[in-house]
Structures are given as structure tokens and as C-alpha cells.
Amino acid sequence: MGDYVTRLVVGVGGRAGVSVAEVCALIEETLRGAGLTAEAVAALATVEAKTAEPGLVGAAERFGVPLVGHPAEELALISVPHPSGAVREAVGTGSVAEAAALAGGGELLVPKRRSMAATCAVATLQPHDLRHHGDAEVLDAGGSLVDLAVNVRADTPPAWLKERIAACLGDLAAYPDGRAARAAVARRHGLPAERVLLTAGAAEAFVLIARALDAVRPVVVHPQFTEPEAALRDAGHRVERVVLTAADGFRLDPAAVPEDADLVVIGNPTNPTSVLHPAAGLAALARPGRILVVDEAFMDAVPGEREALAGRLDVPGLVVLRSLTKTWGLAGLRIGYVLAEPEVIAKLAAAQPLWPVSTPALVAAEACLEPAALAEAEAAAGRIAVDRAHLLAGLAEFDEITVVGEAEGPFVLIRVEGAMEVRTRLRALGFAVRRGDTFPGLDGSWLRLAVRDRATTGRLLQALDHALALAGR
């Protein structure tokens with residue numbers, strides 16, 4: 001069907017005499033566990049000295065791709081996340097599989113996996129576009145598309161919030177004063193004000209964390225919002241990934257995070273998987289000397305905010321990020337906040353420019369944290385849950401579509417053959433949906449759909465039926 005998928009390179013290593021069957025079985029299991037397909041593999045790669053090894057040669061032939069050899073001295077220059085001293089002594093690189101996978105200039109998607117006599121690792125042939133976001137799907141559309149690509153709640157901001165913001169426009173000559181808004185956040189979560197930092201949306205917080213906290217081994221748990229990794233890379237960090245798999249429902253295994261990681265970033269509920277991780281599992285990631293960043297930008301769309309860590313004082317090194325832009329439709333105003341230990345807040349604040357949050361944004365923050373507004377947000381979360389159930393029921397009618405994991409956020413991740421063509425067809429039918437292949441851990445067979453009201457969902461399901469029929473011709 002001409003579907004685009006992220007092209008992959010599989011780095012392989014093996015002992016002398018390793019069988020074709022063992023190499024292929026390891027690669028297939030690794031791809032399947034990461035929710036990837038063999039059709040996306042563009043090449044196998046290894047060290048030059050292994051390019052004549054029959055097991056590796058035969059595996060490449062079975063996958064129908066070339067076996068690419070790299071000089072040992074070239075691989076020795078590539079930093080790998082899981083080095084082995086014995087392998088380095090024998091070959092010159094800490095991991096043949098990881099170094100060979102990364103030699104093409106892409107990004108490691110699945111770290112080293114082992115069988116009895118073989119190793120493999122998977123990387124993208126080219127880096128993921130970490131700066132691609134849902135708004136790109138609707139830019140220049142002139143309002144002609146039903147927006148299912150951006151996770152901002154529909155029909156927001158409400159009229160009362162617009163009025164509150166408009167009423168402050170006469171105060172723009174004065175410099176912003178964030179004390180009242182900071183106090184409102186503190187009251188909302190039962191925290192002292194010194195544990196609160198106001199930011200220009202959660203995205204600014206990721207930049208501050210990357211620049212101010214001096215991480216040595218940062219780890220980002222994927223698939224998730226890509227800005228944390230992009231900010232870390234821009235600040236000069238080498239980022240390691242822990243990739244959750246479709247086979248496990250994109251659930252977190254805390255043991256998968258390296259013990260010596262000193263900065264760990266994870267979303268909850270996670271964008272784009274919509275998985276809500278148990279708070280106990282996230283808290284188990286905390287360690288002395290580690291900063292644990294939990295992005296709760298969509299937590300207020302979860303009824304009761306169950307599994308939230310915001311306001312917890314018993315988790316060492318915890319940094320919680322919140323956004324007010326999603327539920328209240330304030331993406332253009334930029335307002336969010338950080339909750340953390342006072343020492344961390346001080347470091348982040350020192351990296352901020354003066355007056356980072358505008359007066360209208362501060363007024364909006366106060367308004368959205370008042371009791372009536374919190375009650376409105378809770379009611380909206382309940383409606384989202386009902387609307388999501390309606391969407392999931394409709395999607396279950398399509399044999400071509402798979403929903404992996406249990407969706408708990410205001411969006412749903414689906415897997416569908418020919419996804420990129422389906423996405424194009426949906427655009428022609430008036431619906432914008434979010435492509436999934438720019439998220440590390442996903443390929444071109446994934447799409448993300450924002451949850452909307454029942455009427456909009458009904459029209460989407462009809463369009464989806466049509467798009468699938470056209471794509472299957």
C-alpha cells in the first residue's frame with residue numbers, strides 16, 4: 001500500500017558458528033517486542049571481521065537486506081549505552097551490536113538484546129523528528145480540518161476564562177508579578193510556595209531541566225512527548241532511551257531503567273500511548289542522587305487524578321510538571337508549572353529569564369486553580385472518559401485497527417496497516433490525525449487520535465471506514 005515506515009538498521013554480533021536460526025529468532029523477537037516490523041529493516045550491520053560469519057550472512061539473506069560491515073576502529077569511536085569490557089578488549093568497541101546499529105547516524109531504538117550466542121540492537125536509519133508536534137498536522141489548513149491531532153480540549157477556553165484574561169489587559173504596562181499565581185498553585189497541591197515554579201508551559205520546564213540540573217546519565221522513557229529528549233540533546237547531553245513495547249501494553253518495568261541513571265523522564269498519562277502508570281511504580285524509580293521527572297501535563301484529564309504524584313513529599317528527587325494549556329485551551333498563552341524540592345526549584349529559577357510568564361498567563365493560572373474551575377475540570381475529565389469509551393468501542397469494530405494498552409488520557413494510540421495512507425485519506429475527508437512515527441519506539445503503522453464528543457467521533461468513524469476501504473484497494 002505504499003505505507004511509509006521508519007527505516008531501521010539492526011546491529012548484530014555473534015560468536016563463531018552462531019546459527020542463522022538463532023540470529024533470526026533474536027532479531028524477530030526484539031522487533032516484535034518493540035512493536036516494530038521486519039519490513040522496516042533496511043540493513044543488518046556488524047563489525048567488518050564478522051561480515052563473513054555464516055550465521056550473520058544467512059540472517060541478512062533471510063531478511064532480504066544487506067549485511068553492512070564497519071571497521072573496528074570506527075565502531076570504537078561510537079559511544080554505546082551498554083558496554084562490555086570483555087567485548088571491548090576483544091573487538092575494540094564496548095558493544096558490536098549497539099555501535100553497528102548507531103554507525104549510520106540514527107538513534108538507538110532498542111538497546112542490546114542477547115541470546116546464547118548472538119546479540120542485536122535496533123536503531124533508526126535516520127534520527128526521529130523530535131520537533132514534530134500535532135499542530136503541524138493542522139497548520140495552513142485554514143480551519144478546514146476537524147482537529148484530532150492536537151490534544152487541547154475542544155471548545156476552550158471557556159467564556160468566563162476569556163473574560164478574566166481580557167480584564168487584565170489594562171495592566172500590561174506593569175511588569176508581571178507571579179506571587180499570587182504561585183501561591184494558587186501551592187494551595188492547589190498543598191505545598192509551600194518555595195516548591196513551585198511557574199513556567200511558560202511545560203515545554204519551558206524541559207529546557208530548564210536540561211540546562212540547569214547537570215545530569216550525567218539522563219534516561220528518557222519512550223514512547224513519550226519528544227520535547228524532553230530534544231531539550232536534553234540541545235543542551236549537549238547524550239540521552240539514553242528506555243523503550244516500552246507494544247507487547248507489554250507500553251507498561252513500565254522500573255527494572256528496565258539503568259540503576260545509575262541520575263535523571264529519568266517519563267510521562268503520566270503518557271503521550272502518545274495514553275497509558276496511566278501506577279504511582280507506586282513511578283515512585284519506585286526514585287533513588288538518592290537521582291532526579292525523577294514526571295510529566296503530568298494530561299493528569300487533570302484523568303478523573304480523580306488517580307496515580308498523580310503532584311503534591312507528594314515522600315518521593316526523593318521528584319520533579320512534577322503540570323500544564324494548564326491542555327484542559328483550558330491555553331496553548332497560545334503558555335502557562336504551566338513545576339513542583340519540586342526547593343533546591344531544585346532554585347536551580348531552575350536561576351536559569352529562567354526575567355519575567356518568564358506574562359501577566360495574562362498569570363491571571364489565567366489563578367483563575368484555573370480556583371475551586372469552581374477545578375470542579376469544571378473534573379467534570380470535563382468525566383466526559384472525556386465517556387467519550388473515549390465511545391471512541392474505543394467504535395474502533396473495536398474495525399479488524400484492521402489495534403488499540404494497544406488501556407487508554408486513560410484524552411487521546412488514543414492506534415495501530416493500522418497502511419497508516420500513513422489512511423492519514424492522508426482522512427485529511428482528504430476533513431480530519432487531521434497525528435502521525436506516530438516521529439515518536440521513538442513507534443513506526444509508521446501508528447496514529448494518535450484526540451478524544452472528541454460523540455458526534456465528532458461518529459463522523460470520524462465513518463471517515464475512517466471510508467479511508468480504510470480506499471487504502472485497501
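Using 5 Å bins from zero, what percent of all Cα-Cα pairs in segment 353-398 falls into each bin? Final binned percentages: 5, 18, 13, 13, 12, 10, 11, 8, 6, 3, 1.
For the chain, the membrane-span-like helix rule (DSSP H, alpha carbon extent of at least 27 Å along the helix axis, mean Kyte-Doolittle at least -0.5) picks out 371-395; this says nothing about an actual membrane.
Between V386 and E61, full extension at 0.36 nm per residue minus the direct alpha carbon distance yields a gain of 112.0 nm. Based on C-alpha pairs under 8 angstrom that are at least 6 apart in sequence, segment 55-130 has a relative contact order of 21 percent.
Ignoring ligands, DNA and RNA, please state the percent of accessible area on the chain from carbon and sulfur, probe 1.4 Å. Here it works out to 54 percent.
Other residues whose C-beta falls under 10 angstrom from the C-beta of L8 contribute a net charge of -1, scoring Lys and Arg +1 and Asp and Glu -1. Considering only the Cα atoms of segment 1-128, their convex hull presents on average a projected area of 7.2 nm². Applying D = kT/(6 pi eta Rh) to segment 305-453, where Rh is the Kirkwood radius over alpha-carbon pairs, T corresponds to 4 °C and eta to 1.567 mPa s, the Stokes-Einstein value obtained is 70 µm²/s. What segment 290-372 shows is 34 Å² of accessible area per residue, with the surface traced by a 1.4 Å probe over protein heavy atoms.
Tell me, what is the percent relative contact order of the chain, built from C-alpha pairs under 8 Å that lie six or more residues apart?
Values: 998 pairs, mean separation 85.6, N = 473.
Here the relative contact order equals 18 percent.
Can you give the convex hull volume of the alpha carbon atoms of segment 275-335 per residue, in Å³? Walk me through the numbers on the way to the answer.
Working: hull volume 5.6 nm³, N = 61.
Dividing the Cα hull volume of segment 275-335 by its residue count gives 93 Å³.
Subtracting the Cα-Cα distance of E163 and A428 from their residue separation scaled by 0.36 nm leaves 91.8 nm.
Would you mind getting the accessible area per residue of segment 130-256, heavy atoms of the protein chains only, 1.4 Å probe, in Å²? Display every interim value, and only then the final one.
Details: 5870 Å² over 127 residues.
Per residue, segment 130-256 has an accessible area of 46 Å².
Using just its DSSP H runs of length 4 or more, each adding -39500 (n - 2.57), the chain gives a mean residue ellipticity at 222 nm of -10500 deg cm²/dmol after division by all residues. Looking only at segment 168-208, which residues have a backbone nitrogen under 14 Å from a spot 7 Å from the Cα of A279 in the C-beta direction? Only 189-191 pass the distance filter. Across the chain, Cα-Cα distances exceeding 44 Å account for 17% of all pairs.
Each peptide among 118-125, 153-160, 177-184 gets the average number of other Cβ atoms lying within 10 Å of its residues, and from highest to lowest they stand as 118-125, 177-184, 153-160.
The values are calculated or read from the model by the stated rules, or taken from the named source; none is laboratory data. Source: prediction; values computed, not measured. Neighbour counts run over all protein chains shown; Cβ positions are idealised from the backbone, glycine included. Calculation scope for accessible area: heavy atoms of the full protein, side chains included, ligands and nucleic acids excluded. Shrake-Rupley method; radii C 1.70, N 1.55, O 1.52, S 1.80 Å.
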